[in-house]
Amino acid sequence: MKIRNFCIIAHIDHGKSTLADRLLASTGAVTKREEREQTLDSMDLERERGITIKASSVSVIHHYAGEDYMLNFIDTPGHVDFHYEVSRALQACEGAILVVDSAQGVEAQTVANAYLAIESDLEMIPVINKIDLPGARPEEIALETEQVLGLPAEECIFTSAKTGAGIQELLDAICAKLPDPAPRKAGDEAPESDDQKTRALIFDAKYDDYRGVVVYFRLFGGKLKVGDKIRMMGTKRGFAVGELGKFKPKMTRQKEPMEAGEVGYMVASIKTLADVNIGDTITLDNDPAECALPGYQEPHPMVFCDFYPSGETQFDDLREAVTKLHINDASFTYQPTTSEALGSGFRCGFLGMLHMDIIQERLEREGNVSLVQTAPTVTYEIEQRDGVVFEITNPADLPDPSLIKEIREPMITAEIITPNKSIGDLMKLCDQRRGEYKKQQYLSETRQILDYELPLAETIYDFYDKLKSITSGYGTMDYQLNGFRRDNLVKMDILVNGTRVDALSVIVHRDKAEYRGRVLLKRLKQEIDRHLFEIPLQAAIGGKIIARETIKSVGKNVTAKCYGGDVTRKRKLLEKQKKGKERMKRVGTVDIPQEAFMAVLDTGE
Ligand SMILES: Nc1nc2c(ncn2[C@@H]2O[C@H](COP(=O)(O)OP(=O)(O)OP(=O)(O)O)[C@@H](O)[C@H]2O)c(=O)[nH]1
């Protein structure tokens with residue numbers, strides 16, 4: 001049987017998952033009843049948020065030109081934070097379906113994902129989706145695709161994942177246009193004999209309560225069967241294959257050996273996801289290949305925050321919840337930490353802000369714990385006067401200023417797609433965030449692509465929300481990390497009632513310090529309830545106080561709450577934390593609510 005391995009890539013919400021489900025239904029892989037539920041997004045949270053978090057792979061059969069084709073397709077997430085999942089999925093494929101919404105047109109992640117596919121040498125089939133929408137402009141968008149990505153407009157397939165229009169044509173195009181599975185060279189050093197050896201690329205792994213770790217792989221050469229003793233070439237660990245199969249889309253065992261070119265799953269008594277390295281090569285223990293397949297880079301956490309137990313939750317409960325979740329999602333990191341102010345907790349690292357939100361929510365929901373979370377920060381690179389260079393992920397870990405030669409912060413290159421009329425305001429926003437203009441490029445009559453270099457720290461919190469509101473929701477953005485850069489950065493400490501609260505320390509640009517300090521204290525003043533005594537709030541750099549505020553004591557007549565809460569905050573994260581008042585931390589004699597720890601993020605713009 002002929003095989004086609006491909007993935008579906010798109011900007012968020014352009015219809016990947018719906019299209020994937022439609023492909024399943026059209027090839028008879030799911031029944032009408034099953035179809036009702038979106039099949040591929042299986043995690044509850046995914047369904048609620050309507051976004052794909054974990055890539056899934058499915059195998060179906062399509063009949064074309066008198067032959068059966070096995071189509072293995074891999075659904076990928078579209079959000080910026082999950083870039084690394086997209087690139088790992090691409091490694092297992094020969095082709096990609098690029099889905100573009102026929103009302104929205106090419107967006108930032110359309111471009112980013114298409115480039116990832118081009119870099120991986122994949123054959124692309126452009127699909128203009130949602131043609132059933134009243135506002136659909138398929139021809140126009142096809143031209144846009146050609147203009148921006150160089151994919152010929154006449155090769156675009158017009159579909160509606162909703163009505164099923166164009167789906168047969170798409171299935172046929174997959175069989176006709178995408179290449180046969182290609183054996184992959186394992187770099188130049190690999191001996192020719194390796195081509196015949198069993199080499200499978202691990203492109204994903206999931207934890208299953210019943211089976212342990214389920215490894216998703218793409219076999220590039222040789223065979224694999226149940227009972228084989230395998231070896232992971234990177235970790236050098238050995239396992240025995242207990243079960244092999246495919247997702248159709250339910251896990252379906254197979255007795256026959258897997259052949260080169262196929263995509264499938266295996267179960268091999270692997271206990272936790274930490275034992276599996278995505279990108280590692282599986283080979284046979286008794287007839288191993290010499291060289292591993294080119295893997296891909298480990299995801300690198302860029303955003304960090306602390307979680308501390310609050311309310312009834314104890315540290316041990318939190319540890320159990322974090323450890324358990326890590327078995328399921330190895331892409332976040334955690335290590336125990338202690339704060340002078342908040343006690344014992346965990347410092348966690350995430351791929352981005354959305355990833356952080358999801359982990360926090362899953363911890364509370366699945367781990368049943370109550371948390372206080374500190375404001376997210378980025379990694380900083382510190383060079384000391386004695387030449388020692390190291391990274392810190394917590395402003396509290398900064399050494400004494402007299403020892404520091406320079407502080408370097410992570411930079412990003414942001415590619416923003418925006419309507420023409422928002423360009424001025426967007427540039428102003430980027431300037432406020434210490435951005436550096438790179439270039440501007442024509443996309444269509446009404447839209448431009450704007451490139452900026454920005455400090456990551458200035459974009460992690462509300463930058464995206466601001467971009468959305470400036471562009472009335474039409475702007476989109478994608479970014480790549482772009483190394484570290486020196487700047488005039490200092491640590492600002494916050495003292496509550498004379499006590500330094502380490503969890504509130506931030507690293508800020510020197511020129512912005514006074515202003516940020518004032519804004520921060522004002523916010524703290526709103527968030528912390530009045531107590532029976534007066535509470536001084538101070539911001540300090542080194543020993544020098546740069547801003548102060550005072551929370552008055554509760555007078556006899558004051559019965560109502562003294563603050564009205566802040567309505568300007570848009571982030572969902574904080575909306576969910578209405579119950580935040582239960583989440584308090586007592587620092588000295590002062591109760592500080594969860595919201596206060598987020599106050600450091602307020603830029604005061
Ligand atoms: N009218 C119409 N709506 C569609 C079509 N395809 C998808 N949608 C809708 O568009 C929205 C987004 O679709 P999804 O399939 O979840 O998009 P996605 O690209 O998978 O999004 P993520 O997984 O979050 O990246 C949903 O509300 C779908 O019902 C279509 O062809 N026509």
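Which GluC sites (Glu not before Pro) from segment 276-328 combine a DSSP loop assignment with at most 15 other Cβ atoms within 10 Å? The partial results should precede the final answer.
Working: sites: GLU290, GLU312, GLU320; in loops: GLU290, GLU312.
Those that pass, being in a loop and sparsely packed, are GLU290, GLU312.
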field: ³J(HN,Hα), Karplus 6.51/-1.76/1.60, whole Hz, each residue of segment 398-412, x for Gly, Pro
entry: 4, x, 4, x, 5, 8, 8, 8, 8, 10, 10, 10, x, 10, 10
query: What's the percent breakdown of Cα-Cα distances in segment 303-373 across 10 Å bins, shortest bin first?
result: 22, 61, 17, 0
statement: Note to self: C-alpha centroids of segment 361-434 and segment 284-355 sit apart, in Å, by 18
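Could you tell me the calculated FRET efficiency between ALA165 and THR413, based on Cβ-Cβ distance and R0 = 30 angstrom, to the nearest 0.05?
On the way: r = 38 Å, r/R0 = 1.27.
For R0 = 30 Å, the calculated efficiency reads 0.20.
Once the Cβ-Cβ distance between GLU155 and LEU532 is put in as r, and R0 is 60 Å, what FRET efficiency do you end up with, to the nearest 0.05? Write out the running numbers ahead of the final one.
Details: r = 73 Å, r/R0 = 1.22.
After rounding to 0.05, the efficiency reads 0.25.
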message: For segment 260-356, what are Rg and Dmax over the alpha carbons, in angstrom?
response: 18.1, 57
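Strictly greater than 27 Å: what percent of every Cα pair in segment 123-277 meets that? Provide the component values of the computation, followed by the final result.
Numbers: 5383 of 11935 pairs.
That tail contains 45 percent of the Cα-Cα pairs.
Please report the relative contact order for segment 303-373, taking Cα pairs under 8 Å with a sequence separation of at least 6, and give it as a percent rounded to a whole number.
Working: 106 pairs, mean separation 34.1, N = 71.
With pairs under 8 Å counted, the relative contact order is 48 percent.
What's the exposure ranking of ARG486, ARG408, going from fewest to most Cβ atoms within 10 Å? Mind dumping the intermediate values first?
Numbers: ARG486 12, ARG408 18.
Arranged by neighbour count, lowest to highest, ARG486, ARG408 become ARG486, ARG408.
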- prompt: If each residue's Cβ is checked for other Cβ atoms within 10 Å, how do ILE282, ILE541, ILE174 rank with the fewest at the top?
  reply: ILE541, ILE174, ILE282
task: Show the residues, 5+ positions off or on another chain, whose built amide H is closer than 5 Å to the amide H of ALA92.
output: none
task: Jot down the radius of gyration and Dmax of segment 169-260, Cα atoms only, both in angstrom.
output: 15.3, 45
field: Amide hydrogen neighbours beyond the local backbone of ALA161, cut-off 5 Å, H modeled
entry: LYS130, ILE131
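What per residue convex hull volume, in Å³, comes out for segment 434-566 when only alpha-carbon positions are used?
On the way: hull volume 18.4 nm³, N = 133.
That works out to 139 Å³ per residue.
Could you list the chymotrypsin sites (Phe, Trp or Tyr not before Pro) in segment 182-283 that lie in coil according to DSSP, counting only those with at most 12 other Cβ atoms within 10 Å of their Cβ? Each step should come with its number before you reach the end.
Numbers: sites: PHE203, TYR207, TYR210, TYR216, PHE217, PHE220, PHE239, PHE247, TYR265; in loops: TYR210.
Counting only loop positions with at most 12 other Cβ atoms within 10 Å, the chymotrypsin sites (Phe, Trp or Tyr not before Pro) in segment 182-283 are TYR210.
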message: Only sites in a loop by DSSP and with at most 12 other Cβ atoms within 10 Å count here; which chymotrypsin sites (Phe, Trp or Tyr not before Pro) in segment 429-478 make the cut?
response: none
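How big is the equivalent ellipsoid of segment 380-487 along its three axes, where each semi-axis is √(5λ) from the Cα gyration tensor, reported in whole Å from largest to smallest?
34, 13, 10
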task: Show the residues, 5+ positions off or on another chain, whose built amide H is closer than 5 Å to the amide H of LEU224.
output: MET258
message: Full-extension gain between LYS255 and ASP487, please, as 0.36 nm times their residue separation minus the C-alpha to C-alpha distance.
response: 77.5 nm
- request: Please work out the FRET efficiency for the pair LYS428 and GLN196, using the Cβ-Cβ distance as r and a Förster radius of 60 Å; give the result to the nearest 0.05.
  value: 0.50
task: Using only alpha carbon pairs under 8 Å that are at least six residues apart, calculate the relative contact order of segment 192-284 and give it in whole percent.
output: 38
statement: Here the equivalent ellipsoid of the chain, derived from its Cα gyration tensor, has semi-axes (largest first, whole Å) of 46, 29, 23
statement: THR446 and LYS468 label points (each 7 Å along its Cα→Cβ direction) are spaced in nm at 2.0
field: Degrees separating the helix 423-432 axis from the principal Cα axis of the chain, which is the longest one
entry: 60
- prompt: Could you give the length gained on full extension between THR272 and GLU436, defined as 0.36 nm per residue of separation minus the Cα-Cα distance, in nm?
  reply: 54.7 nm
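Ranking ARG523, ARG137 by Cβ neighbours within 10 Å, fewest first, what do you get? Kindly include the intermediate steps, with their values, before the conclusion.
Working: ARG523 22, ARG137 16.
So the residues, fewest neighbours to most, are ARG137, ARG523.
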query: Measuring from label point to label point, each 7 Å out along Cα→Cβ, what is the LYS223 to ASP172 span in nm?
result: 3.6
query: How high is the relative contact order of the chain, in percent, counting Cα pairs under 8 Å that sit 6 or more residues apart?
result: 10
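Bear in mind that the values in this text are calculations on the coordinates, not laboratory data. Because the structure is a prediction, the values reported are computed rather than measured. No Cβ is skipped: glycine too gets one built from the backbone with ideal geometry, and neighbour counts run over all protein chains shown.
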